[in-house]
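K.L.:
Attaching a single structure in structure tokens format; questions to follow.
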Amino acid sequence: MSPNTPPIPPIAPRRVEVLAFPDVQLLDVAGPVQVFAAANDQADKPHAPSPYRIRVIAREGAQVRATSGLAIATEPLPDPAEPLDTLIVAGGQGAIRGAEDASLVEWLKVRAGAARRTASVCTGAFLLAATGLLDRRRAVTHWDYCDLLRRQHPDVTVEPDPIFVHDGPMWTSAGVTAGIDLSLALV
């Protein structure tokens, strides 16, 4: 590099948000978070930012209790129009109930529109499907919920066999640990 060449500015970290809620499946949050954290560890270089900034978010912006009984610390839902790289919707019984919450569904629809890519883990597909963003797209969820997703959202092409499906900016994964595989593909 010549003395007149300006230094290359550091690349800003890519923002990753994992949406949690009461009765979330703990591993649907922890698995993806750990994958992106491990990518940060592998990329750790002096004077360089980590490639990912990871946040777990929830409406409450406080602790949410997972189906296992463990509490997960979260941050409040951000402005839905604020740009981000990756939005991941966790699963669990709370995702199915959340699909009936009109204000959460509307927030998610706008937030997903601000993301470069949006993903769901397990039954998080129900919340994502409620936005209409999976209409005319292929998707997967936990095998035990594929028929229900198909009945509730007939405009979604439910594929029960893959561990994850990528269709345009939307990514969906099957059961709980498939969210780890999906996250590895996202990294």
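Let's see how each residue does on (1) crowded, with 16+ Cβ neighbours inside 10 Å; (2) of a type outside the set (A, V, I, L, M); (3) out of contact with any helix residue (DSSP H, G or I) (no Cβ under 9 Å at 6 or more places or on another chain):
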residue	(1), (2), (3)
44	no, yes, yes
58	yes, no, yes
61	no, yes, yes
70	no, no, no
76	no, yes, yes
90	yes, no, no
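K.L.:
Would you pick out the residues in segment 171-184 that are free of Cβ contacts under 8 Å to residues at least 60 places away in the same chain and surrounded by fewer than 20 Cβ atoms within 10 Å (Cβ to Cβ)? Walk me through it before giving the result.
P.N.:
Residues of segment 171-184 that are free of Cβ contacts under 8 Å to residues at least 60 places away in the same chain, as a first pass: 171-175, 178, 181.
Hit for segment 171-184 is 181, nothing else.
K.L.:
Only residues in segment 139-161 that are part of a loop (DSSP other than H, G, I, E, B) count as the first member; pair them with residues that are among the acidic types (Asp, Glu), Cβ under 9 angstrom, at least 6 apart or cross-chain, and list the lot.
P.N.:
These pairs meet every condition: 140/159; 140/161; 153/135; 155/135; 156/135; 160/147.
K.L.:
Given the structure, is residue 27 in a strand (DSSP E or B) and modelled with pLDDT of 95 or more?
P.N.:
Here the answer is no, as residue 27 does not meet what is asked.
K.L.:
Another question, then. Residue pairs, Cβ under 6 Å, 6 or more apart or interchain, first in segment 47-67 and in a loop (DSSP other than H, G, I, E, B), second of a type in the set (A, V, I, L, M, F, W, C) and modelled with pLDDT of 90 or more. List them.
P.N.:
Close Cβ pairs satisfying both conditions: 59/77.
K.L.:
Can I ask one more? Got a sec? Which of 108, 127, 133 is within 23 Å of residue 185 (Cα to Cα) and either part of a loop (DSSP other than H, G, I, E, B) or at pLDDT below 95 (or both)?
P.N.:
Only one candidate qualifies: 133.
K.L.:
Only residues that are more than 13 Å from the chain's Cα centre (by Cα) and either of a type in the set (S, T, N, Q) or at pLDDT 95 or above (or both): list them for segment 54-69, please.
P.N.:
63, 64, 65, 66, 67, 68, 69
K.L.:
When segment 26-76 is examined, which residues are found to be more than 19 Å from residue 185 (Cβ to Cβ), out of contact with any Asp or Glu (no Cβ under 9 Å at 6 or more places or on another chain) and of a type in the set (Val, Ile, Thr)?
P.N.:
72 - this is the single residue of segment 26-76 that is more than 19 Å from residue 185 (Cβ to Cβ), out of contact with any Asp or Glu (no Cβ under 9 Å at 6 or more places or on another chain) and of a type in the set (Val, Ile, Thr).
The values are calculated or read from the model by the stated rules, or taken from the named source; none is laboratory data. A quick note: this is a predicted structure, and the numbers were derived from the prediction, not measured. Ideal geometry is used to build each Cβ from the backbone, glycine not excepted, and the neighbour counts take in all protein chains shown.
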